[in-house]
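Coordinate-derived values only; no laboratory data. All of these numbers come straight from a predicted model, not from anything done at the bench. All Cβ positions, glycine included, derive from the backbone under ideal geometry; neighbour counts span all protein chains shown.
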Amino acid sequence: DEVPVLRAHSLRALLDSKPEAIELPSPPGPDDTATIVFTSGSTGLPKGIPYSHRQIILACDAISAHFPSVRGEARLVCWLPLSNLFQRILNLFAMSTGAQTFFVDKPDQIIRLLPEIRPTLFVGVPRFFEKLHAGIVAEIDRQPSPIRRLLHAAWKVGQRVAEARRAGRPPPAWCRALHPLSDRLLARVRALMGPELMFMASGSAPLPQWLMERFHGLGWLVLEAYGVSENVIPIAINTPEAYRFGSVGRPLPGIELRVAEDGELLVRGPGVFAGYLDGQVPDPVFDNDRFLHTGDYAHIDDDGYLWLLGRKSEVFKTSTGRRITPVPIEAELKKIDYVEHAIIAGRDRPYPVALLTIDPQHPLAGQIGESATLKRIGADAAAACQHFPDYQRPGAIIVSSQPFTILGGELTANLKVRRQPIEYRFAAQIEQSYQKAAEQHSANCPKDPVVIHAL
């Protein structure tokens, strides 16, 4: 059967023309443009990418094949910006399978609405999951001492049980004995997301593995996904049946992956774009076999799981020739409970420096100007990075009083940090930190980082 086509025409044309003179537009063909998405702009100006109807259908079919359990009874939430390619494709995927999508027009109200929506699948970005975890911990810590201690103990039991199950071994006997009670206690926390949640997915940036493990201890499965704007089909996603924390899962149907000699991930398939809109900028590099260079370093293990190792544009070398991959260091710094964002810089410098912003809701936010607070931040940062080699540890810490925001230009619409604008904005403070460190230390990598307050 033919798919019914609804033809649209402008109201102005209808009013200004005689009925017999109106030329209705032709139905779109499979290779006509269906949608235009824009890159996040994390490394420059956003670039437009057109995708065809055929490619949109391929993307929906690939997700459907990867997640056969997500069908008509499923409930999804649209709360990320529609400029987010993954959110846009998920909306169309839900339509294609008959699943329900609930649209939330005020993202800051999402937590309040989730128990009412009762999602079975929830998609977010790392910043959401970081704030969700911080909010849960803060709420537990506000409880009377007996309840607080009981909930933290129950969480630890849940983590031990989840860890054992991931490893394919039985939990310790004491965990098995305590788990039914601890799970009932943790059900109070899980009520935040509603009673029917199967799993959550995170994309757009790396999600710290420790955070996934913490949520798993609560009874929530958070799985990482990976894609690039230049490929309409998500490249890889973990599934509830097959996942590994720290990886982004196995590739979806129609995706071919290859790792270049220098470690860069290459992708090929029908979902790869044909070129940027109107030739705005030169297209990215394809190799001779039409594999797209993603710009990400990666590793594919023997079981087909994809592990990301950092963006090529983010990895840099110090003046001593040491290679620095910022993301793992930043992830450790963001484990500090009051750190909201962390950026590692230091290209062609003796050692890296860290730029930190403080969570405005944390009591420490009002004490940044005090010397004791800066000393504490320096000590906490040094402790967080102590397991890294000396050359990877930040030799200076710059603490900003102002949070990173979309309006300020430090974050993209997907809440990814924009490194170049941030480093440009704090260039003077970065230079000052190296000068101050040089005055206090003769070594290339100071043992104790210098801490500077950036107003």
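A few remarks follow.
- Reachable aspartates and glutamates from Lys47, criterion Cα separation under 14 angstrom, eight or more residues apart if same chain: Glu230, Asp278, Asp283
- 25 °C / 0.890 mPa s Stokes-Einstein diffusion coefficient of the range 316-454, Kirkwood radius on C-alpha pairs, µm²/s: 164 µm²/s
- Zone of Val285's modelled label, taken as backbone nitrogen in the range 200-233 under 20 Å from a point 7 Å along Cα→Cβ: 228-231
- Rel. contact order, % - alpha carbon contacts under 8 angstrom, at least six apart, the chain: 12 percent
- Residue-by-residue Karplus 3J(HN,Hα) for the range 420-426, coefficients 6.51, -1.76, 1.60, Hz, glycine and proline x: 4, x, 5, 5, 5, 4, 9
- Only lysine pairs 8 or more places apart or on separate chains count here, and in the range 316-454 those with Cα atoms under 17 Å apart total 4.
- Computed from label points 7 Å out along Cα-Cβ, the spacing between Ala242 and Ala274 is 3.2 nm.
- Extension gain, Asp61 back to Met95 (0.36 nm per residue minus Cα-Cα distance, nm): 11.1 nm
- Gained length - Thr325 relative to Arg142, 0.36 nm times residue gap less alpha-carbon distance: 62.2 nm
- Those aspartates and glutamates that a straight Cα-Cα span of less than 12 Å connects to Lys312, excepting residues fewer than 8 apart in one chain: Asp262, Glu264, Asp296
- Legend: calculated FRET efficiency, Ala187 to Val259, from the Cβ-Cβ distance at R0 = 60 Å, rounded to 0.05, equals 0.90.
- Net charge in the neighbourhood of Lys312 (other residues with Cβ under 11 Å of its Cβ; Lys, Arg +1, Asp, Glu -1) is -3.
- Low-density loop cleavage sites - GluC sites (Glu not before Pro) in the range 220-299, where at most 11 other Cβ are within 10 Å (DSSP): Glu241, Glu261
- Karplus (6.51, -1.76, 1.60) ³J(HN,Hα), θ = phi - 60°, over the range 285-299, in Hz, Gly and Pro reported as x: 6, 10, 7, 5, 9, 6, 7, 7, 7, 7, x, 10, 6, 7, 9
- For Arg244, Arg54, the sequence from fewest to most other C-beta atoms within 10 Å is Arg54, Arg244.
- Mean separation of Cα contacts under 8 Å, 6 or more apart, over the residue count of the range 316-454: relative contact order %: 25 percent
- Beta bridges by DSSP in the range 318-453, antiparallel share as percent, to the nearest 5: 45 percent
- For the range 208-215, 3J(HN,Hα) computed residue by residue from phi via the Karplus equation (6.51, -1.76, 1.60; θ = phi - 60°) reads x, 5, 4, 6, 4, 5, 5, 5 Hz, glycine and proline entered as x.
- For the range 81-182, radius of gyration divided by Kirkwood radius, i.e. Rg to Rh on alpha-carbons: 1.08
- Furthest towards positive pole of dipole, Ala454, Gln100, Phe291, structure part the chain, Cβ charges: Ala454
- Mean residue ellipticity (222 nm) of the chain, computed from DSSP H runs ≥ 4 via -39,500 (n - 2.57), nearest 500: -10500 deg cm²/dmol
- Packing-based exposure ordering (other Cβ within 10 Å, fewest first) of Thr33, Thr412, Thr325: Thr33, Thr325, Thr412
- The residues His179, His66, when put in order of fewest to most other Cβ atoms within 10 Å, stand as His179, His66.
- The dipole here belongs to the range 316-454: it is taken about the Cα centre, uses +1 on the Cβ of Lys and Arg and -1 on the Cβ of Asp and Glu, and is about 420 debye.
- Pairwise FRET efficiency - Glu439 versus Asp303, Cβ, R0 = 60 Å, nearest 0.05: 0.70
- About its Cα centre, the range 49-143 has a charge dipole of approximately 140 debye under the convention of +1 per Lys or Arg Cβ and -1 per Asp or Glu Cβ, with nothing else charged.
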